[in-house]
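What follows is calculated from the coordinates using simple rules that are stated; it is not laboratory data. Predicted model only: the values in this text are computed from it and were never measured. Don't worry about glycine lacking a Cβ; one is built from the backbone with ideal geometry, like all the others, and counts go over all protein chains shown.
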Amino acid sequence: MLELVNVAKSYQSPGGTEQVCVLKDITLKVKKGRSVAIVGPSGSGKSTLLNIIGALDEPTRGQVLFDGRDLTKLSDVELARIRNQEIGFVFQLHHLLPQCTVLENVLVPTLVDKNLVSKKEVQERAITLLNRLGLKDWLLHRPGELSAGQRQRVAVVRALINGPRLLLADEPTGSLDEDASQNIAELLVELNRTEAVTLIVVTHSAKLAEYMGRVLELSNGVLKDRAGPR
Ligand SMILES: Nc1ncnc2c1ncn2[C@@H]1O[C@H](COP(=O)(O)OP(=O)(O)OP(=O)(O)O)[C@@H](O)[C@H]1O
Ligand SMILES: [Mg+2]
């Protein structure tokens, strides 16, 4: 479902004219329904890579094939549709809207294309998912009233609300304590199985990485399997 072919990314060095090559030559195939962790030192380009996979950023060179479509060749309109409908994102900080309730926050991605499903249907899906993630009593509360772990679970529901085929998470447990981290890790794995959503997680946590079917290490611009693929 996802294939990266000779992907490279360079940035202009700060102030200079030099190019800094963050990703050198990334080739990767991820089949539908698999779970993958990307680990590596700080600054190795993990977020850059995840953003390229999620069409939030463009590679300098190479192809990103998502279900056979080359993301580097699609129009902005088509990319926006894919980001909204086919890919879910979870970040280290939840980015929930403080003035909106939990339920409203989760429904934000459904406001983009209101014609796709009925309001009632999508609301039911939101409530079902929130129930499943133990947030049933929090629907009408605001993010500020929730714990960090609960907020991150809301962010996971929001990422899943449009039924994406690919879920990308950048340090989803980075701001959580050990118990809450484990909870999110187990949740991601369960959703990977039950929702048949392909999962790519960037993490510093060796523990979270172990939950994934495959662990890849990014170092010096190159991506390598740490453990053999399952
Ligand atoms: N927009 C940008 N312009 C210039 N350089 C950038 C830009 N974004 C990232 N970089 C550089 O690319 C490198 C990789 O950054 P990236 O955020 O992908 O690393 P990371 O592996 O996610 O790090 P961390 O684990 O700390 O989150 C860093 O050296 C960073 O300074
Ligand atoms: Mg990062």
Most exposed to least, judged by fewest other Cβ atoms within 10 Å, S205, S75 sort to S75, S205
Where does the charge balance sit around T101 when Lys and Arg score +1, Asp and Glu -1, over other residues with C-beta under 11 Å from its C-beta? -1
Identify the GluC sites (Glu not before Pro) of region 156-214 meeting these criteria: DSSP loop state and at most 10 other C-beta atoms within 10 Å of the C-beta. none
List the trypsin sites (Lys or Arg not before Pro) within region 25-111 that DSSP assigns to loop and that have no more than 16 neighbouring Cβ atoms inside 10 Å. K31, K32
Simple label model, 7 Å out from Cα along Cβ direction - S42 to L65, nm: 3.7 nm
So how far apart, in nm, are the two label points at A196 and M1 if each is 7 Å from Cα heading toward Cβ? 0.9 nm
Among the trypsin sites (Lys or Arg not before Pro) within region 113-194, which fall in a DSSP loop and have no more than 15 other Cβ atoms within 10 Å of their own Cβ? K114
Count charges around P164 for me, please; just the other residues with Cβ under 13 Å from its Cβ, Lys/Arg as +1, Asp/Glu as -1. +3
Using alpha carbon centers only, region 85-161 is separated from region 41-63 by a whole-angstrom value of 26 Å
Suppose every Lys and Arg Cβ carries +1 and every Asp and Glu Cβ carries -1, with no other charges. What dipole size does the chain come out with about its Cα centre, to the nearest 20 debye? 500 debye
The residues D70, D179, sorted from fewest to most surrounding Cβ atoms within 10 Å, come out as D179, D70
Extension reserve of the C100-K24 stretch, reckoned as 0.36 nm per residue once the Cα distance is removed: 23.2 nm
Taking N as the number of residues in region 187-230, the ratio of its alpha carbon radius of gyration to 2.2 N^0.38 Å works out to 1.22
Multiply the residue separation of D137 and K31 by 0.36 nm, subtract the distance between their alpha-carbon atoms, and state the gained length in nm to one decimal. 34.5 nm
What list of ³J(HN,Hα) values in whole Hz, one per residue of region 57-66 in order, does the Karplus curve 6.51 cos²θ - 1.76 cosθ + 1.60 (θ = phi - 60°) give from phi, with Gly and Pro shown as x? 9, 10, x, 6, 8, x, 10, 10, 9, 10
Anything in the chain that counts as a DSSP H helix reaching 27 Å or more along its axis (C-alpha) with Kyte-Doolittle mean of at least -0.5? List them, would you? none
Across 10 Å bins from 0, what is the distribution of all Cα-Cα pair distances for the chain, in whole percents? 8, 32, 35, 20, 5, 0
Full-stretch length increase - D113, A80 - with 0.36 nm per residue and alpha-carbon distance subtracted: 10.8 nm
Take V222 and E186, extend 7 Å from each Cα along the Cα→Cβ direction, and tell me the distance between the two endpoints in nm. 3.9 nm
